[in-house]
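Structure, as structure tokens:
The values are calculated or read from the model by the stated rules, or taken from the named source; none is laboratory data. From a predicted model like this one, the values you see are computed outputs, not experimental measurements. Note that we place each Cβ from the backbone using ideal geometry, even for glycine, and neighbour counts take in every protein chain shown.
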């Protein structure tokens with residue numbers, strides 16, 4: 001092999017960059033977040049159910065929120081009729097966060113884990129925040 | 001023909017992964033085994049290829065000389081296009097790797113009313129550099145799924161990439177750029193007859209593969225949503241070498257992973273090796289010092305000379321006998 005020093009240095013840099021995720025993680029996976037469902041409002045419910053099917057909420061709640069927002073603010077229709085035919089008042093702060101009054105232990109838990117920072121909270125507030 | 005074969009290969013991988021991903025017993029294969037194997041093939045194959053290249057001797061300086069060589073002090077030389085110093089080579093390599101300078105110098109030749117015209121053509125450079133940078137940023141953004149805590153630069157990239165906050169989840173600019181540029185590069189091969197003529201399955205296959213990766217990624221984000229928390233659990237598990245396969249990940253995720261694994265495994269054996277090759281190109285990484293320095297062939301050994309005097313010593317008697325003239329009696 002020619003220029004062994006340079007070639008090996010280059011390969012070490014290459015392997016170092018491409019295995020970044022491995023050595024940065026140092027062999028320990030972060031625990032999966034368990035969003036807490038023990039709020040007073042949810043505990044009062046006879047049948048613990050979200051406004052839509054759970055699996056749908058887990059994967060698609062952001063798109064649902066977007067749809068609801070458009071429906072409420074663009075069409076002026078603030079009642080959402082869900083797949084079970086129930087009417088739900090559309091409000092981020094007063095519906096979602098009424099049941100899920102533990103934003104820190106619910107929404108934020110998943111979002112921190114997944115590395116998303118919804119910009120909603122630039123304007124909306126968490127009504128259950130202690131400083132309020 | 002090449003188009004159909006490569007498209008068919010990509011579609012076949014997608015179908016196999018779709019079926020495999022929807023059978024929960026096979027998910028550890030498609031979610032753990034295949035990615036690990038593909039990544040190992042990538043690392044080992046890449047290094048082997050580079051070492052193999054490094055074994056080829058380059059006895060003489062063969063840089064592409066695209067400008068005036070250093071000569072007399074009053075003749076202006078091209079320091080980047082015909083570098084004679086290490087600094088010049090570093091500058092040339094930097095522009096090559098980060099700005100794709102060779103592609104930028106692309107020209108087209110066409111006949112206009114009987115005259116041959118050469119004019120600059122930047123489209124290939126534009127799509128190529130757009131694609132490469134978009135791919136780089138997308139790859140870095142994916143680190144949010146592999147590592148925890150998430151490094152700050154990844155979060156910053158994420159925020160900048162989605163800065164227009166179009167839709168929820170926000171559209172990333174690099175996603176549009178990636179799919180747009182790959183589509184343009186594919187159309188170039190499909191619709192420009194000159195390029196199509198020289199295109200092989202090995203040219204179409206990576207393009208279809210990349211397009212498949214981009215489209216399945218976009219579908220997961222905007223159409224068939226998958227449980228990102230479970231996806232992160234899987235990816236983070238892979239990176240920590242403690243893989244787990246949570247249930248309830250949609251099978252489209254396994255299609256995406258299978259295509260990415262194919263890309264990794266295919267990489268060392270394909271034209272994609274230009275990633276390592278650009279650093280190993282003697283036409284780029286050598287200074288043009290052919291006339292300034294003596295470059296000795298590395299396998300040069302002095303030949304054994306047999307002088308006439310020695311020859312005469314050897315055959316003196318015979319030559320004398322035959323009456324041949326001798327230089328030394």
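What residue, of B:193, B:230, is out of contact with any helix residue (DSSP H, G or I) (no Cβ under 8 Å at 6 or more places or on another chain), closer than 27 Å to residue B:155 by Cβ and modelled with pLDDT under 95?
On the way: B:193 fails: closer than 27 Å to residue B:155 by Cβ.
Result: B:230 is the single residue among B:193, B:230 that is out of contact with any helix residue (DSSP H, G or I) (no Cβ under 8 Å at 6 or more places or on another chain), closer than 27 Å to residue B:155 by Cβ and modelled with pLDDT under 95.
Pick out the one residue from B:30, B:46 that is modelled with pLDDT of 90 or more, assigned to a helix (DSSP H, G or I) and more than 14 Å from chain A (Cβ to nearest Cβ). Please lay out each step first, then the result.
Numbers: B:46 fails: more than 14 Å from chain A (Cβ to nearest Cβ).
Being modelled with pLDDT of 90 or more, assigned to a helix (DSSP H, G or I) and more than 14 Å from chain A (Cβ to nearest Cβ) holds for just one of B:30, B:46, which is B:30.
The rows are residues; the columns are (1) more than 9 Å from chain B (Cβ to nearest Cβ); (2) more than 30 Å from residue B:142 (Cα to Cα).
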residue	(1), (2)
A:3	no, yes
A:37	yes, no
A:59	no, no
A:85	yes, yes
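Does region B:147-155 include one or more residues that are under 26 Å from the mean Cα position of the chain (by Cα), touching a residue at least 24 places away in the same chain (Cβ under 8 Å) and not in a loop (DSSP other than H, G, I, E, B)?
Checked region B:147-155: no residue is under 26 Å from the mean Cα position of the chain (by Cα), touching a residue at least 24 places away in the same chain (Cβ under 8 Å) and not in a loop (DSSP other than H, G, I, E, B).
Any residue at all in region A:19-30 that is in a helix (DSSP H, G or I), at the interface with chain B (Cβ under 10 Å from one of its Cβ atoms) and under 19 Å from the mean Cα position of the chain (by Cα)?
Looking only at region A:19-30, we keep the residues that are in a helix (DSSP H, G or I), and these are A:20-25.
After this cut, where a residue has to be at the interface with chain B (Cβ under 10 Å from one of its Cβ atoms) as well, the list is A:20-25.
Pick out the ones that are also under 19 Å from the mean Cα position of the chain (by Cα) and you get none.
Within region A:19-30 (the criterion being in a helix (DSSP H, G or I), at the interface with chain B (Cβ under 10 Å from one of its Cβ atoms) and under 19 Å from the mean Cα position of the chain (by Cα)), the answer is no, since none of the residues qualifies.
Which number in (1) assigned to a loop (DSSP other than H, G, I, E, B); (2) within 14 Å of chain A (Cβ to nearest Cβ); (3) in contact (Cβ under 8 Å) with a residue 40 or more places away in the chain marks the one condition that residue B:231 misses?
With respect to (1) assigned to a loop (DSSP other than H, G, I, E, B); (2) within 14 Å of chain A (Cβ to nearest Cβ); (3) in contact (Cβ under 8 Å) with a residue 40 or more places away in the chain, residue B:231 is out only on (1).
Any idea which residue in region B:37-49 is farthest from residue B:247 (Cα to Cα), counting only those that are in contact (Cβ under 8 Å) with a residue 60 or more places away in the chain and surrounded by 14 or more Cβ atoms within 10 Å (Cβ to Cβ)?
My answer is B:49.
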